[in-house]
Amino acid sequence: QIQLVESGGGLVQAGGSLRLSCAASGRTFSSVAMGWFRQAPGKEREFVAAITYSGLSTSYGDSVKGRFTISRENAKNTVSLQMNSLKPEDTAVYYCGQYRGPYYSSSTVGSWGQGTQVTVSS
């Protein structure tokens with residue numbers, strides 16, 4: 001069974017930075033795409049970023065382009081999200097998601113982490 005555990009959330013002032021990490025169990029990590037999503041109170045879950053199995057291709061939501069960077073270390077079964085220039089509207093619970101296939105453009109998320117809270121104060 002796949003387990004995803006996020007860490008690195010917290011409280012930060014606007015303009016600050018945070019780095020989220022997601023540790024995955026299982027031997028399939030290096031063969032599947034990974035992604036980050038977020039959900040603010042009263043809103044639907046939103047796509048933030050995704051990365052292919054190899055790490056060679058990434059995709060970002062329009063609201064985070066140029067500020068967030070997704071990366072992965074297959075040898076350590078981890079995926080990270082570097083968040084810079086944070087805004088109050090970035091406040092949400094951030095979830096790590098593991099796709100069912102190697103490319104995020106052609107597969108769906110099959111497993112989710114429990115989420116980590118990010119709060120950006122103005």
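The values are calculated or read from the model by the stated rules, or taken from the named source; none is laboratory data. Note that the structure is a prediction, hence the values are computed from the model and not measured. When we count neighbours, we look across all protein chains shown, and the Cβ atoms used for this are built from the backbone with ideal geometry, even at glycine. For the accessible areas, the whole protein counts, side chains as well, though only heavy atoms, and no ligand, DNA or RNA atoms are used. Shrake-Rupley method; radii C 1.70, N 1.55, O 1.52, S 1.80 Å.
How about Lys87: which aspartates and glutamates have a C-alpha closer than 19 Å to its C-alpha, ignoring those fewer than 8 places off in the same chain?
By straight Cα distance, Lys87 reaches Glu44, Glu46, Asp62.
Search the structure for amide H atoms under 5 Å from the amide H of Ala33, placed 1.01 Å from N in the peptide plane, and list their residues when 5 or more places away or on another chain.
The list, which skips near neighbours in sequence, is Tyr53, Tyr99, Gly101, Tyr103.
Along the positive direction of the dipole of the range 1-113 (beta-carbon charges: Lys, Arg +1; Asp, Glu -1; about the Cα centre), which of Phe29, Ala40, Ala14 reaches farthest?
Phe29
Note down the magnitude of the dipole of the range 3-92 about its Cα centre, charges +1 on Lys and Arg C-beta and -1 on Asp and Glu C-beta and zero elsewhere, to the nearest 20 debye.
160
Does the range 1-69 come out rounded, prolate or oblate by the C-alpha gyration tensor, with a ≥ b ≥ c the root eigenvalues, rounded set by a/c under 1.5 and, if not, prolate when a/b is larger than b/c and oblate if not?
Cα axes put the range 1-69 in the prolate bin.
Gap in Å between the Cα centre of the range 13-39 and the Cα centre of the range 79-122?
What the calculation gives is 6 Å, centre to centre.
When ligands, DNA and RNA are left out and all protein chains stay put, how many square angstrom of accessible area per residue does the range 42-122 have with a 1.4 Å probe? Don't jump to the answer; show the numbers that get you there.
Working: 4140 Å² over 81 residues.
Per-residue accessible area for the range 42-122 comes out at 51 Å².
For the chain, which longest stretch is free of loop sites, where a loop site is one of the trypsin sites (Lys or Arg not before Pro) that DSSP puts outside H, G, I, E and B and that has at most 14 other Cβ atoms within 10 Å?
Values: sites that count: Arg27, Lys43, Lys65, Arg100.
Longest run free of exposed loop sites: 66-99.
Work out from phi, with θ = phi - 60° and the Karplus expression 6.51 cos²θ - 1.76 cosθ + 1.60, the ³J(HN,Hα) of each residue of the range 64-76, listed in order in whole Hz, and give x for Gly and Pro.
10, 4, x, 10, 10, 9, 9, 8, 9, 10, 5, 5, 10
If you build the Cα gyration tensor of the range 16-121 and take the root of 5 times each eigenvalue, what three semi-axes come out, in whole angstrom, biggest first? If you can, show how the numbers build up before the last one.
Working: eigenvalues 96, 37, 33 Å².
Whole-Å semi-axes of the equivalent ellipsoid: 22, 14, 13.
Leaving out ligands, DNA and RNA, and with a 1.4 Å probe, what % of the accessible surface on the chain is carbon or sulfur?
Carbon and sulfur together cover 48 percent of it.
When only DSSP loop residues count, what GluC sites (Glu not before Pro) in the range 18-111 have their Cβ near at most 14 other Cβ atoms within 10 Å?
Glu44
Give the long-range amide H neighbours of Gly26: residues separated by 5 or more places, or on another chain, with amide H under 5 Å away, using H modelled in the peptide plane at 1.01 Å from N.
none
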